[in-house]
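First the structure, in the form of structure tokens, and then the observations on it.
Read-outs: derived from the displayed coordinates by stated rules, not from any lab. Just so we're clear, the structure is a prediction, and the values are computed from it rather than from any experiment. Quick reminder, even Gly has a Cβ in these numbers, built from the backbone with ideal geometry, and neighbours come from all protein chains shown.
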Amino acid sequence: MKKVFFTPGPAELFPTVEQHYKDAFDQQLGSISHRSQRFRDIYKHTSEQLKTLMNIPESSGIFFTSSANEIWERILQNTVEHESFHLVNGSFSKKFYDFSSELHKYAHKFEKPFGEGFDYSEIIVPEYAELICTTANETASGVQMRPSEIHKTKRGNKDKLVCVDTVSSAPYPDLDMALIDSAFFSVQKSFGMPAGLGVWIAAPSLLEKAERMKTHEGNVGTYHSLPTLWKNFEKFETPETPNVMAIYVLGKVAEDMNKIGIDVIRKETEKKAKVLYDFAEKCDFLDIFVKNPDHRSQTVIVIDVKEKNAADIIKKVQADVNMVIGSGYGDFKATQLRIANFAAVNMEQVETLIEAIKRV
């Protein structure tokens, strides 16, 4: 019996992924040139499916990188001459902030304790910050920033660029992609694919800033600078040989999700999240880590373990039903469970997982 992965990335593969990779091998896509018409058609199809799924404006560009971590660097290099501003409440939002400092930018941060979230009413953006960095879903702590609060942050700072880390939540958040300037994700989480592909969505506002910086600063990166990526995107090409098969499979998975319907995916995600949170609240040896219901992630459920060791629960559940739960992140490894609630797992599997945890 195959394992079922409730880990927050790499995660359970979307049910159609295996067949799509088989089809890619049958079509010998691993050997085609990224300057061929076949590849251009693949890139175009994937871009179109993502734009439909996530309601991305036609004017925005979609670019492929090695990972979301690379996109942190590219965004900072291409949009920040001097100052960035970061909302930090977990390990990954903290790393984005650290990248800015390492690139010798003046990085501001508004930091909350691990497990707490942000509302627009409490955010004060520094006057000279050029870029506001938000995280839709903090993978380490299971905290979400609601789309409405991200939208308010942009509307209240129209002269600044706003980028959103959607690594462990896309395509679930109902973000107004015509309002925000940039979003990005990796495919090994909510899209249920093997790791190795980052996706960067950018509005023309980012390109305008990058081109101004290139003129005045002379350096916005090399082969993956935004002007270079965008120039290639206009032809549905990439600057270098990319992960062709992953781009193909991503387009097919996005197409599958469009057939299901993003509204259906969102509703199912919320139903499963409610079942998991209700269980944790009622279980005598578990507790919900994120106390504010408005800030609780719908895609990464973080649960405190009381009077038991998290590793023992993970081990016993795997032995019982062959399901793999994620451990807590960093200092919380021994005391927390992280349960991925992505589209690849269904309600029946969630209920089986809950029954297995009860037996512990």
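Hydropathy at least -1.0 by Kyte-Doolittle, axial extent at least 20 angstrom from the Cα trace: which helices of the chain, defined as entire DSSP H runs, fit?
Values: long enough: 37-54 (25 Å, -1.15); 244-260 (25 Å, 0.75); 262-282 (30 Å, -0.76).
Helices meeting the span and hydropathy rule in the chain are 244-260, 262-282.
Most fluctuating residue of I62, I303, I124 in a GNM of the chain with Cα springs under 10 Å: which is it?
Top of the fluctuation ranking is I124.
Given K105/K189; K95/K158; K189/K316, which pairs have Cα atoms separated by over 28 Å?
K105/K189
Can you pull out the chymotrypsin sites (Phe, Trp or Tyr not before Pro) in region 139-229 that DSSP calls coil and that have at most 13 other Cβ atoms within 10 Å? The partial results should precede the final answer.
Details: sites: F184, F185, F191, W200, Y223; in loops: F191, Y223.
Loop-located and lightly packed - Y223.
Write down Rg/Rh for region 17-259, rounded to two decimals, with Rg from the C-alpha atoms and Rh from the Kirkwood relation over Cα pairs.
Rounded to two decimals, Rg over Rh is 0.96.
Quickly estimate the mean residue ellipticity at 222 nm for the chain, helices only: each DSSP H run with n ≥ 4 gives -39500 (n - 2.57), and the total goes over all residues, rounded to 500.
Working: 11 runs with 146 residues, N = 360.
Computed ellipticity for the chain at 222 nm equals -13000 deg cm²/dmol.
Among the GluC sites (Glu not before Pro) within region 1-62, which fall in a DSSP loop and have no more than 11 other Cβ atoms within 10 Å of their own Cβ?
Counting only loop positions with at most 11 other Cβ atoms within 10 Å, the GluC sites (Glu not before Pro) in region 1-62 are E58.
Sort out the exposed loop trypsin sites (Lys or Arg not before Pro) in the chain (DSSP loop, at most 16 other Cβ within 10 Å) and tell me the longest stretch that has none.
In the chain, the maximal stretch lacking such sites is 36-157.
Between D294 and Y128, what is 0.36 nm times their sequence separation minus the Cα-Cα distance? Round to one decimal in nm.
56.8 nm
7 Å from Cα along Cα→Cβ at both D119 and S101: what's the point-to-point distance in nm?
Taking the simple label geometry, D119 and S101 are separated by 2.9 nm.
Out of S121, I150, L286, whose Cα points farthest toward the positive end of the dipole of the chain (charges: +1 Lys, Arg; -1 Asp, Glu; placed on Cβ)?
L286
How about region 52-150: which chymotrypsin sites (Phe, Trp or Tyr not before Pro) there lie in a loop by DSSP and see at most 15 other Cβ atoms within 10 Å?
Filter output for region 52-150: Y128.
GNM on the chain, C-alpha springs below 10 Å: top fluctuator among V345, V264, V199?
For the chain, modelled as a Gaussian network with Cα springs under 10 Å, the answer is V264.
Using +1 on the beta carbon of Lys and Arg, -1 on that of Asp and Glu, and nothing else charged, what's the dipole of region 17-259 about the Cα centre, debye to 20?
340
Share of antiparallel DSSP beta bridges in region 1-150, in percent to the nearest 5?
So the antiparallel bridges in region 1-150 amount to around 20 percent.
Just need the relative contact order of the chain here, percent rounded to a whole number, with Cα pairs under 8 Å and 6+ apart.
Details: 701 pairs, mean separation 87.6, N = 360.
For the chain, the relative contact order is 24 percent.
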